[in-house]
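One structure is given here, and the rest of the page talks about it.
The values are calculated or read from the model by the stated rules, or taken from the named source; none is laboratory data. Source: prediction; values computed, not measured. Cβ coordinates were reconstructed from backbone atoms using ideal geometry, including for glycine residues, and neighbour counts include every protein chain displayed.
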Amino acid sequence: MRWKLVILLTAGLMAAPLRAEMDDLKLDYHGAGWLQTGRVEESFALPNDGNAYNKNWVGQSGGLLTVHATINEHWDGALGIGTVLVQLARGARLLSNKWYPFWVSWVDEARISHTSSLFTGDDELKLTFGSFHYGYNPDVKNLGQYLLHGYVYPGALESGFTGPLGVFQAISGAQASYKIGGFKNDLNLQVETEEKPLYDLSVSDIVTWRLHPALEIGAGVNFYRLLPANMKATNPGDDCDPNQLGPYANAAEDNPCFIVIRKDSTNDSILEKVNPSLQGTKLMGRFHFDPKALFSSGDDGVLGGDDLVLYGEVGLIGVKDYPRFYDKIGRRIPAMIGFNLPGFRFLNWSIEAEYYASKISSDNIAARNGSPIPIKDDVLNSKRDDWKWSLNASKVFAGHAILMGQVANDHLRLGGNHDTDTGIEALRTPSDWYWTTKIAYFF
């Protein structure tokens, strides 16, 4: 009860100066509507066709409306609500006569921010609370953004088609962002609201430094699930109950609760064991190189502002080794590189490639049920494709309409089909690929 009173009093004190200036409140409205469609041309499939997506049409349509409020020179906030019509993949040919579309509504943004200067007047400190969009790598179109999304163990990566969220997904929590000159530091407290177990707290710090108009570098660390909401769910240890992890976790090799390292000579008594955890630490480094800035300070040439930009990102998904499954650090390092092709102010298009040598299952169902050990499946573990690629293009018309397209072999997860749930990547071999297009109107 005492903490509730402190919180209410603090909120009241913060709100007092805001109420005095509500007469200066300015509201801006922004929104978008879109239609997306595409097809999986070739995909990996289990022997029982549980995730057969070949020639499946996939797509969605939806809308989004955001209200942005400027309260005064220091305070502002935003609230955005969206809804989307999702079409599940139809699966194998025998199931293609079934169609399961459904509407999903979500809060796209719900935040309040305070901006001020700390020292020189040329610096800026921005404090943000709530749910807000955040992406530390503005160059990427599909691959990358390794630091903030996806589990550490089993190291399953994520990718996404640009907009309305795409690679710039919303995070919930708080952020302190400080900028001075070409230097920026973002300190994030992130509440887990997407992947089970829910409500764990992660702490990340991301630094960006523009060394020259032609060169920007960045680095970051994420202490993933540093403060668990339920320790036994995130780090079960000796109290782990395999029956509570769900049917998928029982397919893991050995006991999904721990990895046996050493037994006695009779192979009966455990002398030593390790309790793996969903907790972990990620590292990230990136660069942005624009050769145009070496020869011209303006942006009045035939090339567009993003043309010829070369960018890349490398991550370490889990700094700690675990025997058998996570014993090779080189297999936990994804690296991507991208290049913006010359569009001559008519078209924005780019190509991205990624290498990730992880040989474990790409299925994240076990992690969602509380086990950091990947599912044991000989089919999934055999010679997975280490390379991913993506070709993206976009064109803005009349300042308010955009047409986008993507052809890729990436980390697409369609979630299964009908009553078959799976977290397996749909694209697992070099011959797998899909295409998708999106047209949107925004204001």
Among strands (runs of 3 or more DSSP E) entirely within the stretch 109-218, at least 3 residues that are in contact with a Phe, Trp or Tyr (Cβ under 6 Å, 6 or more places away or on another chain) and surrounded by 16 or more Cβ atoms within 10 Å (Cβ to Cβ) occur in 201-212
If we ask which residues in the stretch 405-423 are within 26 Å of ARG368 (Cα to Cα), out of contact with any Ser or Thr (no Cβ under 6 Å at 6 or more places or on another chain) and modelled with pLDDT of 80 or more, their number turns out to be 4
The number of residues in the stretch 177-215 that are over 23 Å from LEU310 (Cα atoms) and over 20 Å from the mean Cα position of the chain (by Cα) is 3
Among (1) modelled with pLDDT of 85 or more; (2) farther than 25 Å from PHE129 by Cβ, ASP49 falls short only on (1)
Within the stretch 144-164, of all residues that are of a type in the set (Ser, Thr, Tyr) and modelled with pLDDT under 85, the one nearest to LEU278 (Cα to Cα) is SER159
A careful count of residues in the stretch 310-354 that are assigned to a helix (DSSP H, G or I) and either out of contact with any strand residue (DSSP E or B) (no Cβ under 9 Å at 6 or more places or on another chain) or surrounded by 14 or more Cβ atoms within 10 Å (Cβ to Cβ) (or both) gives 3
- Query: Is one or more of the residues making up the stretch 195-215 on the phi > 0 side of the Ramachandran plot, at pLDDT below 85 and of a type outside the set (D, E, K, R)?
  - Reply: no
The condition of being under 30 Å from VAL309 (Cα atoms), out of contact with any Cys (no Cβ under 6 Å at 6 or more places or on another chain) and at pLDDT below 80 holds, among GLY237, GLY298, GLY218, GLY285, only for GLY298
Scanning the stretch 424-443 for residues that are modelled with pLDDT under 90 and among the small types (Gly, Ala, Ser), the one surrounded by the fewest Cβ atoms within 10 Å (Cβ to Cβ) turns out to be SER431
